[in-house]
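Worksheet: the structure to be examined is printed underneath.
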Ligand SMILES: [Zn+2]
């Protein structure tokens with residue numbers, strides 16, 4: 001059966017399968033088999049479909065409300081609470097990175113888009129660390145973030161990369177806005193939106209312009225044993241890793257290399273390379289801080305009434321061109337940059 005990636009995990013099933021087959025990394029192979037089995041077993045979490053208020057009401061608490069729990073190597077959620085909002089560093093690096101990462105993500109959404117937490121209404125941000133033994137993934141389960149420690153042969157701890165935390169929480173934002181169906185092109189858009197805003201969270205925290213940003217997703221997750229720099233590259237999809245064990249990064253950058261597959265919910269982690277690259281092209285053409293240019297356009301699109309849950313690449317691209325005109329002016333340089341980006345990746349004619 002095809003593993004059901006309903007947990008919105010950061011490591012796709014094809015990558016876990018490659019690690020599971022690795023003979024040189026017994027600990028990593030065992031960890032990857034466990035992570036794969038958990039993907040296959042889990043059912044889609046059921047949540048109420050909540051339509052969050054677009055504006056901020058005066059009664060919403062604008063400060064983050066973080067609670068970090070420790071599963072202590074088990075798979076029982078949520079685990080024991082180890083750090084609440086306002087409490088000092090614990091000295092446990094995973095606890096403290098998760099706390100800081102949730103705070104940086106909350107600050108990004110509030111400062112840049114005036115959105116209070118992922119639902120726009122101050123939803124408390126909960127996370128569990130030290131999930132499972134050598135667990136090779138991080139995921140958003142519909143209500144909390146869960147981080148594995150990694151196996152230390154292929155993957156390091158999953159709290160290490162701020163963009164991964166931003167990516168997972170962006171799945172929450174998507175859940176509360178366009179609610180893009182996690183299958184096929186709308187699923188690849190769901191993944192891409194998480195890479196876009198995950199990268200922007202990291203860029204905002206570092207004060208980087210589009211030119212300065214690495215445009216990598218999951219930089220630092222791989223150990224030194226891996227021939228690769230990250231899970232994905234928005235600048236050059238398909239080049240993030242090329243490794244004897246993991247294989248080569250399979251992401252396409254353009255529609256010419258679009259992957260037709262039934263694996264991974266119809267290639268949601270592979271074909272996301274195409275809208276990812278369109279975003280990179282638009283952001284770097286516009287220049288400056290990406291969250292003020294292309295990021296604002298993508299946010300307008302995600303919250304537009306014209307984006308349906310099952311929208312395809314071309315439909316989403318058309319909405320971004322439209323909202324770029326609304327925000328920056330019809331015929332503006334920003335709108336042209338967005339349109340040109342989608343043409344370059346072969347989504348628009
Ligand atoms: Zn994801």
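The values are calculated or read from the model by the stated rules, or taken from the named source; none is laboratory data. Since this is a predicted model, take the numbers as computed values, not measurements. Note: ideal-geometry Cβ built from the backbone for every residue, glycine included; neighbour counts use all protein chains shown.
With respect to residue 294, is the statement that it is modelled with pLDDT of 95 or more, closer than 21 Å to residue 254 by Cβ and crowded, with 18+ Cβ neighbours inside 10 Å true?
The answer is yes for residue 294.
Touching a strand residue (DSSP E or B) at 6+ places or on another chain (Cβ under 9 Å) and away from the ligand (no atom under 12 Å from the Cβ): is that true of residue 199 in this structure?
Judged against the criteria, residue 199 is a match.
Could you give every pair whose Cβ atoms fall below 9 Å, whose first residue belongs to region 82-93 and is assigned to a strand (DSSP E or B), and whose second residue is loosely packed, with under 13 Cβ neighbours inside 10 Å, counting only separations of at least 6 or pairs across chains?
Here the result reads 83/89, each pair linking region 82-93 to a residue that is loosely packed, with under 13 Cβ neighbours inside 10 Å.
Okay, residues lined up against (1) over 23 Å from residue 300 (Cβ atoms); (2) away from the ligand (no atom under 16 Å from the Cβ); (3) in contact (Cβ under 8 Å) with a residue 40 or more places away in the chain:
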residue: 146; (1), (2), (3): yes, no, yes
residue: 151; (1), (2), (3): yes, yes, yes
residue: 166; (1), (2), (3): no, no, yes
residue: 204; (1), (2), (3): no, yes, yes
residue: 210; (1), (2), (3): no, yes, yes
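Quick one: is residue 141 under 25 Å from residue 118 (Cα atoms) and either within 16 Å of the ligand (Cβ to nearest atom) or touching a residue at least 12 places away in the same chain (Cβ under 8 Å) (or both)?
Here the answer is yes, as residue 141 does meet what is asked.
Could you please let me know if residue 237 is part of a loop (DSSP other than H, G, I, E, B), over 20 Å from residue 137 (Cα atoms), within 16 Å of the ligand (Cβ to nearest atom) and touching a residue at least 40 places away in the same chain (Cβ under 8 Å)?
In short, yes.
So, in region 217-229, exactly how many residues are crowded, with 17+ Cβ neighbours inside 10 Å, part of a loop (DSSP other than H, G, I, E, B) and touching a residue at least 40 places away in the same chain (Cβ under 8 Å)?
4
Hey, does region 181-188 have a residue that's in a helix (DSSP H, G or I) and within 11 Å of the ligand (Cβ to nearest atom)?
yes
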